Amino acid sequence: MQDLAQTINRHELFRAEELGSVVKIEAALIEGARQYFKQNNFTEVVVPHITAATGACENVNTLFGVDYFGKRGWLAQTGQLYLESLVPKLDRVFCIGPSFRAEAEADNRHLTEFPLLEMELQCNLDQLIKHIEGVFMSMLTNALKREQALSTLGTDISRLKSIKSPFKRVTYTQAVKDINSHGWDVKWGDDLKAIHEKTLCELYGNKPFFITHYPRAIKFFNMRTNAQDSKIVNSTDFILPYSGEAVGAAEREHEYEILYEKLESSAMLQQLKKLGGSIEDFKWYLDCLRENGSVPHAGCGIGLNRITQFVLGTQDIRGCTGFPLNSATLY
């Protein structure tokens, strides 16, 4: 396989069989996800890609700002809150669209634009995890049908065929203990880094696994607080060998008063205020929740290129898409 990650003149590689194979695998993974959503009665939603701050993830410092007819707008990072607003009426919804992140590093883990597959539905964390497993296995099964493309890329097909769900689950608290037992000094409440995820992958046999129940302080404001322990939220990350965190997921806070209070005190809103924003950026979302009501629900975002990276078994995410964008590239 040519070094697709480092090649500058990307267009020249369209003469190479390898690049076409990468694109075929990406397409197969998306097709596999759509098959699962269709079979399980999800409705696809077209969400906006220029948004207010309701299109942001936890870190608003990675938002791309745009001038939207004299108003401050942002390139969307997530369609989550738009999907959530439709759950009371449609129940199972999903979207597939670009997620824009102003990542300064031109490294092997980050892209400034990538496809994000998101779903929201009426369920709890345990049920959501089963849906994540279902989507992932449907994606993987469909990719395995492109055996020639996988072979062209030198992929270990037997490794992929050995992957079976359900997958191991470990709490954040136990994950921290396991990491520290192998030479690290991670404090409870620290955000886990890629090297920590890699350590856990090795400890758990280089198979996919879930980390659940993260500290509330390091997660998105509307993740639902655990009823037994207010320091944690009912959340999970799906961790894959080679790529690390590929899915972020959680139950959502659906009670208006609790949600408003959590947003008002969130670190995300404090970051947004420094950029000239305010809680008014979330007005439509809060009004929708207050006026139309909500229901217990949960959802997730699946990073397509992290899944592709796992499938191809490569250390560099830039080799996992046709036109990888980071701070060093622009087509």
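The values are calculated or read from the model by the stated rules, or taken from the named source; none is laboratory data. Just so it is clear, the model here is predicted, and its values are computed rather than measured. Glycine gets a Cβ as well: all are built from the backbone with ideal geometry, and neighbour counts include every protein chain shown.
Restricting attention to the range 12-56, report how many residues are modelled with pLDDT of 95 or more and among the small types (Gly, Ala, Ser).
Matching residues across the range 12-56 total 4.
Consider the range 191-206. How many of its residues are part of a loop (DSSP other than H, G, I, E, B) and either free of Cβ contacts under 8 Å to residues at least 12 places away in the same chain or crowded, with 17+ Cβ neighbours inside 10 Å (or both)? Talk me through it step by step, then tell me what you get.
We begin by selecting, within the range 191-206, every residue part of a loop (DSSP other than H, G, I, E, B); these are 191-193, 204-206.
Imposing the further condition that a residue be either free of Cβ contacts under 8 Å to residues at least 12 places away in the same chain or crowded, with 17+ Cβ neighbours inside 10 Å (or both) reduces the set to 192-193, 204-205.
Result for the range 191-206: 4.
Exactly one of these conditions fails for Met137: (1) modelled with pLDDT under 95; (2) closer than 17 Å to Lys164 by Cα. Give me its number.
(1) is the only condition that Met137 fails.
Taking into account only those residues within the range 279-294 that are within 25 Å of the chain's Cα centre (by Cα) and touching a residue at least 40 places away in the same chain (Cβ under 8 Å), which is surrounded by the most Cβ atoms within 10 Å (Cβ to Cβ)? Full working, then the answer.
Narrowing the range 279-294 to residues within 25 Å of the chain's Cα centre (by Cα): 279, 281-286, 288-289, 294.
Within this subset, residues satisfying the condition of being touching a residue at least 40 places away in the same chain (Cβ under 8 Å) are 281-282, 284-285, 288-289, 294.
Working: Asp281: 22, Phe282: 24, Trp284: 14, Tyr285: 19, Cys288: 17, Leu289: 22, Ser294: 18.
Per the criteria, the residue is Phe282.
Go through the range 207-233 and give me each residue that's among the hydroxyl-bearing types (Ser, Thr, Tyr) and surrounded by 20 or more Cβ atoms within 10 Å (Cβ to Cβ). Write out each step before concluding.
Looking only at the range 207-233, we keep the residues that are among the hydroxyl-bearing types (Ser, Thr, Tyr), and these are 212, 214, 225, 230.
Scanning the range 207-233 gives Thr212, Tyr214.
Provide a single number: the residues in the range 82-115 that are within 28 Å of Ala328 (Cα to Cα) and either among the basic types (Lys, Arg) or touching a helix residue (DSSP H, G or I) at 6+ places or on another chain (Cβ under 7 Å) (or both).
So the first thing to find is which residues in the range 82-115 are within 28 Å of Ala328 (Cα to Cα), and the list is 96-115.
The next check asks that each one be either among the basic types (Lys, Arg) or touching a helix residue (DSSP H, G or I) at 6+ places or on another chain (Cβ under 7 Å) (or both); those that pass are 96, 101-103, 108-109, 111, 114-115.
Residues in the range 82-115 being within 28 Å of Ala328 (Cα to Cα) and either among the basic types (Lys, Arg) or touching a helix residue (DSSP H, G or I) at 6+ places or on another chain (Cβ under 7 Å) (or both): 9 in total.
So which residues in the range 167-179 are over 22 Å from the mean Cα position of the chain (by Cα) and either at positive phi or surrounded by 15 or more Cβ atoms within 10 Å (Cβ to Cβ) (or both), if there are any at all?
Asp178, Ile179
Please go through the range 292-322 and pick out each residue that is touching a helix residue (DSSP H, G or I) at 6+ places or on another chain (Cβ under 9 Å), more than 28 Å from Cys201 (Cβ to Cβ) and not aliphatic (A, V, I, L, M).
Asn292, Gly293, Ser294, His297 - these are the residues of the range 292-322 that are touching a helix residue (DSSP H, G or I) at 6+ places or on another chain (Cβ under 9 Å), more than 28 Å from Cys201 (Cβ to Cβ) and not aliphatic (A, V, I, L, M).
Scan the range 207-233 for residues that are within 16 Å of the chain's Cα centre (by Cα), part of a loop (DSSP other than H, G, I, E, B) and of a type in the set (S, T, N, Q) and report the count.
Final tally of qualifying residues: 1.
Do we find a residue being in contact with a Ser or Thr (Cβ under 8 Å, 6 or more places away or on another chain), among the aromatic types (Phe, Trp, Tyr) and surrounded by fewer than 19 Cβ atoms within 10 Å (Cβ to Cβ) anywhere in the range 259-278?
Within the range 259-278, not a single residue is in contact with a Ser or Thr (Cβ under 8 Å, 6 or more places away or on another chain), among the aromatic types (Phe, Trp, Tyr) and surrounded by fewer than 19 Cβ atoms within 10 Å (Cβ to Cβ).
Report every pair of residues separated by at least 6 positions or lying on different chains whose Cβ atoms are under 8 Å apart, first residue within the range 83-110 and in contact (Cβ under 8 Å) with a residue 24 or more places away in the chain, second basic (Lys, Arg) and crowded, with 17+ Cβ neighbours inside 10 Å.
Listed pairs, sorted by first residue: Glu84/Arg252; Ile96/Arg34; Asn108/Arg318; His110/Arg101.
Look through the range 20-33, keep the residues that are surrounded by fewer than 19 Cβ atoms within 10 Å (Cβ to Cβ) and either of a type outside the set (Val, Ile, Thr) or farther than 25 Å from Leu312 by Cβ (or both), and return whichever of them is farthest from the chain's Cα centre (by Cα).
Gly20
Have a look at Val186, Val247 and point out the one that is part of a strand (DSSP E or B) and at pLDDT 95 or above. Walk me through how you get there before you give the answer.
Numbers: Val186 fails: part of a strand (DSSP E or B).
Only one candidate qualifies: Val247.
Considering only the range 42-100, how many residues are among the polar types (S, T, N, Q), in a loop (DSSP other than H, G, I, E, B) and crowded, with 20+ Cβ neighbours inside 10 Å? Give the steps one after another, and end with the answer.
Let us first name the residues in the range 42-100 that are among the polar types (S, T, N, Q), namely 43, 51, 54, 59, 61-62, 77-78, 80, 85, 99.
Within this subset, residues satisfying the condition of being in a loop (DSSP other than H, G, I, E, B) are 59, 77-78.
Then keep just the ones that are crowded, with 20+ Cβ neighbours inside 10 Å; that gives 77-78.
Number satisfying all stated conditions: 2.
Out of Leu160, Leu144, Leu150, which single residue is closer than 30 Å to Gln127 by Cα, out of contact with any Gly (no Cβ under 9 Å at 6 or more places or on another chain) and surrounded by 13 or more Cβ atoms within 10 Å (Cβ to Cβ)? It would help to see each step written out before you state the result.
Numbers: Leu160 fails: out of contact with any Gly (no Cβ under 9 Å at 6 or more places or on another chain); Leu150 fails: closer than 30 Å to Gln127 by Cα.
Of the residues listed, the single one that is closer than 30 Å to Gln127 by Cα, out of contact with any Gly (no Cβ under 9 Å at 6 or more places or on another chain) and surrounded by 13 or more Cβ atoms within 10 Å (Cβ to Cβ) is Leu144.
Going by the structure shown, is Phe221 modelled with pLDDT of 95 or more and either under 21 Å from Lys164 (Cα atoms) or not hydroxyl-bearing (Ser, Thr, Tyr) (or both)?
Numbers: modelled with pLDDT of 95 or more: no; either under 21 Å from Lys164 (Cα atoms) or not hydroxyl-bearing (Ser, Thr, Tyr) (or both): yes.
Here the answer is no, as Phe221 does not meet what is asked.
Across the range 209-262, what is the number of residues that are small (Gly, Ala, Ser) and more than 19 Å from Gly189 (Cβ to Cβ)?
Filtering the range 209-262 down to residues small (Gly, Ala, Ser) leaves 217, 227, 230, 235, 243-244, 246, 248-250.
Filter once more, keeping what is more than 19 Å from Gly189 (Cβ to Cβ): 227, 243-244, 246, 249.
Residues flagged as small (Gly, Ala, Ser) and more than 19 Å from Gly189 (Cβ to Cβ) within the range 209-262 amount to 5.
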